[in-house]
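**Q** Please read through the structure below; I'll follow up with questions.
The values are calculated or read from the model by the stated rules, or taken from the named source; none is laboratory data. A quick note: this is a predicted structure, and the numbers were derived from the prediction, not measured. All Cβ positions, even for glycine, are placed from backbone atoms using ideal geometry, and neighbour counts span all protein chains on display.
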Amino acid sequence: MVRISAIVAASALVFASVASAQTFEAKKPQKKAEAKIVTTDAYPFGNTCMISGKPAKKGLVAEAKGYHIKVCCKRCLKKIEADPAKYAKKFEAAVISQQSKNYPLKVCPISGEKLGKMGKPAKIVIDNHLVELCCKGCTKKANKKKAEIIAKITDAAYKTQSHSKTMATCPVSGKPVGKKPVELMHGTTLVQFCCKKCKAKFVKNPSKFLTAKATAKTAEKTSGN
């Protein structure tokens, strides 16, 4: 009887220890999930035609050197089809112009070499995003890792700009963005709005409002704010 009692007591002790460990585990503080970065597809012209500036017609897209360009009508479609190299170059120029200023990486995402060390960085456009490489030789590898590279660039750009408000006023309405602005990453640019309606307007034609954003920020610096 003594031996059985000892076994029962030992079993009870083990059970109590396991239960205690489970209770402790349940009470461990959970790590706070990081805020999800909201992004656009980084298409430089939003829902507008690159040629006319008019609203693009749904489903009407021209292909130029691998780029898919939204157009408003068949006339614009034929223009791109007649000279795809010309419009592909314009498309690349628009993406690079919008995203170069806030490009966050200082090294090539493929080789790890410092940008500029091997001459002028090669600026390429992958899925509407600017990617800077140490040389054109890294282009093929960059295309194979495009999702990983784009995520890395977007994350770095957000972290660089999110420490403080990018501007005091909304680029769409001109109103103050407030203490908790609505945020959106467009390529490498963090844009802050006063409300969700303004964000929706921006997505339709980002090139129009990015110009307004840059102008407003310059005015802030000039005024000393």
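**Q** Among Lys208, Lys140, Lys199, Lys179, which is the only one that is modelled with pLDDT of 95 or more and either over 30 Å from Lys120 (Cα atoms) or not assigned by TED's automatic domain parsing to the domain that holds Val107 (or both)? Can you show your working first?
**A** Values: Lys208 fails: modelled with pLDDT of 95 or more; Lys140 fails: either over 30 Å from Lys120 (Cα atoms) or not assigned by TED's automatic domain parsing to the domain that holds Val107 (or both); Lys179 fails: modelled with pLDDT of 95 or more.
The match here is Lys199.
**Q** May I pose another question? Could you list, in sequence order, the residues of region 150-196 that are under 11 Å from the mean Cα position of the chain (by Cα), more than 13 Å from Asn102 (Cβ to Cβ) and without any contact (Cβ under 8 Å) to a residue 60 or more places away in the chain?
**A** Ile150, Ala151, Lys152
**Q** Another question about this same structure. Only one of Ala88, Ala147, Ala142 is out of contact with any Lys or Arg (no Cβ under 9 Å at 6 or more places or on another chain) and under 26 Å from Val203 (Cα atoms). Can you tell me which?
**A** Working: Ala88 fails: out of contact with any Lys or Arg (no Cβ under 9 Å at 6 or more places or on another chain); Ala142 fails: under 26 Å from Val203 (Cα atoms).
Ala147 is the lone residue from the list that is out of contact with any Lys or Arg (no Cβ under 9 Å at 6 or more places or on another chain) and under 26 Å from Val203 (Cα atoms).
**Q** Something else about it: Restrict the check to region 145-165 and report whether at least one residue is at pLDDT below 90 and out of contact with any strand residue (DSSP E or B) (no Cβ under 8 Å at 6 or more places or on another chain).
**A** Yes.
**Q** Hey, another quick one. State the number of residues belonging to region 96-149 that are outside any loop (DSSP other than H, G, I, E, B), touching a residue at least 24 places away in the same chain (Cβ under 8 Å) and farther than 22 Å from Thr189 by Cα.
**A** 2
**Q** What number goes with the only condition from (1) closer than 29 Å to Leu190 by Cβ; (2) crowded, with 20+ Cβ neighbours inside 10 Å that Ala62 does not pass?
**A** With respect to (1) closer than 29 Å to Leu190 by Cβ; (2) crowded, with 20+ Cβ neighbours inside 10 Å, Ala62 is out only on (1).
**Q** Additional query: Hey, among the residues in region 95-116 that are out of contact with any helix residue (DSSP H, G or I) (no Cβ under 7 Å at 6 or more places or on another chain) and under 16 Å from Asn128 (Cβ atoms), which one's surrounded by the most Cβ atoms within 10 Å (Cβ to Cβ)? Outline the logic, then answer.
**A** Initial filter on region 95-116 (out of contact with any helix residue (DSSP H, G or I) (no Cβ under 7 Å at 6 or more places or on another chain)): 95-97, 99-101, 103, 106-107, 112-116.
Add one more test, that the residue is under 16 Å from Asn128 (Cβ atoms), and what stays is 95-97, 99-100, 103.
Working: Val95: 22, Ile96: 17, Ser97: 13, Gln99: 24, Ser100: 13, Tyr103: 21.
Looking at the filtered set, the residue picked out is Gln99.
**Q** Out of region 156-207, which residues are part of a loop (DSSP other than H, G, I, E, B), surrounded by fewer than 22 Cβ atoms within 10 Å (Cβ to Cβ) and among the hydroxyl-bearing types (Ser, Thr, Tyr)?
**A** Ser162, Ser164, Thr166, Ser173
**Q** Exactly one condition in (1) outside any helix (DSSP H, G or I); (2) under 25 Å from Thr48 (Cα atoms) is false for Leu77; which is it?
**A** (1)
**Q** Which residues, counting only those in region 149-201, are more than 30 Å from Pro109 (Cα to Cα) and among the small types (Gly, Ala, Ser)? Steps first, answer last, please.
**A** As a first pass, look at region 149-201 and keep what is more than 30 Å from Pro109 (Cα to Cα): 168-181, 193-201.
Passing the criteria: Ala168, Ser173, Gly174, Gly178, Ala200.
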